[in-house]
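Please read the structure below before turning to the comments.
Rule-based calculations on the coordinates, nothing more; no lab input. If you're wondering where the values come from, they're calculated on a predicted model, not measured in any experiment. So basically every Cβ, Gly included, is an ideal-geometry build from the backbone, and we count neighbours across all protein chains shown.
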Amino acid sequence: MVYINSIDKKMSNLNFETDFWKDEKNRKGWDDIIPGEARKTIPYTLTLEAIQKYCKVIGDTHPLYFDEAYAKTTPYKGIIAPPAIHILLMFSCTPADDWMRSPGTINAGQSWSYNIPARPNDVIRLEARALDKFIKKERLFVIHDNVFFNQNNDVICSGRGWTIRPQ
């Protein structure tokens with residue numbers, strides 16, 4: 001796979017934060033989570049390099065994500081990001097002090113709907129908030145929703161999640 005090898009060389013120059021404990025002391029905690037209040041988010045330009053690095057990490061080397069000539073022959077008419085790109089976008093669209101970034105957070109469940117694919121150079125915007133928080137059996141639960149938009153205000157995907165917060 002020649003296109004994969006050429007991508008390897010380009011991706012070795014990309015820098016993605018891998019230390020999830022970095023800025024841990026600055027993250028919002030349980031008392032800062034206010035149901036209904038919008039979370040602070042930041043726009044993120046999704047690059048081809050980010051899409052391809054994410055695909056490599058998850059082991060999805062489908063040419064739809066790597067080969068422009070092939071992707072143009074599909075109904076998508078060009079390279080797209082895989083649906084699960086929302087995982088990368090969740091971290092890319094939130095500041096370092098966001099409560100969802102807290103080490104020790106446990107994913108207790110999630111449900112996502114995918115509308116249109118994200119594409120290279122899309123400027124992604126996230127609207128997110130906690131819907132509810134409660135304590136059950138000494139565990140701290142938060143129910144939250146997330147909606148990702150592109151630069152045209154088209155919904156890429158939306159989801160609802162349940163997390164158990166660190167004590």
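In degrees from 0 to 90, rounded to the nearest 10, what is the angle of the helix 2-11 Cα long axis to the longest principal axis of the chain? Helix 2-11 sits at roughly 50 degrees to that axis. The dipole here belongs to the range 95-158: it is taken about the Cα centre, uses +1 on the Cβ of Lys and Arg and -1 on the Cβ of Asp and Glu, and is about 240 debye. Looking at the range 40-112, the chymotrypsin sites (Phe, Trp or Tyr not before Pro) that sit in a DSSP loop and have at most 16 other Cβ atoms within 10 Å of their own Cβ are Y76.
Calculate how steeply helix 48-58 sits against the longest principal axis of the alpha-carbon atoms of the chain, using the helix alpha-carbon long axis, and give the answer as 0 to 90 degrees to the nearest 10. Roughly 70 degrees, rounded to the nearest 10. All other residues whose Cβ lies under 11 angstrom from that of R27 are scored, Lys and Arg at +1 and Asp and Glu at -1, for a net of 0. How large is the Kirkwood hydrodynamic radius of the chain, counting all unique pairs of alpha carbons, in Å? Result for the chain, one decimal place: 17.2 Å.
Out of P166, P82, I135, whose Cα points farthest toward the positive end of the dipole of the range 37-167 (charges: +1 Lys, Arg; -1 Asp, Glu; placed on Cβ)? Checked the options; the winner is I135. Counting lysine pairs in the chain whose alpha carbons fall under 17 angstrom apart, excluding pairs fewer than 8 residues apart on the same chain, gives 6. Hydrodynamic analysis of the range 113-155 uses the Kirkwood radius over alpha carbon pairs. Inserted into Stokes-Einstein at 20 °C and 1.002 mPa s, it gives a translational diffusion coefficient of 172 µm²/s. Across the range 109-123, computed HN-Hα scalar couplings (Karplus, 6.51 cos²θ - 1.76 cosθ + 1.60, θ = phi - 60°) run x, 7, 9, 10, 10, 10, 9, 9, x, 6, 10, x, 6, 5, 9 Hz from first to last residue, x flagging Gly and Pro.
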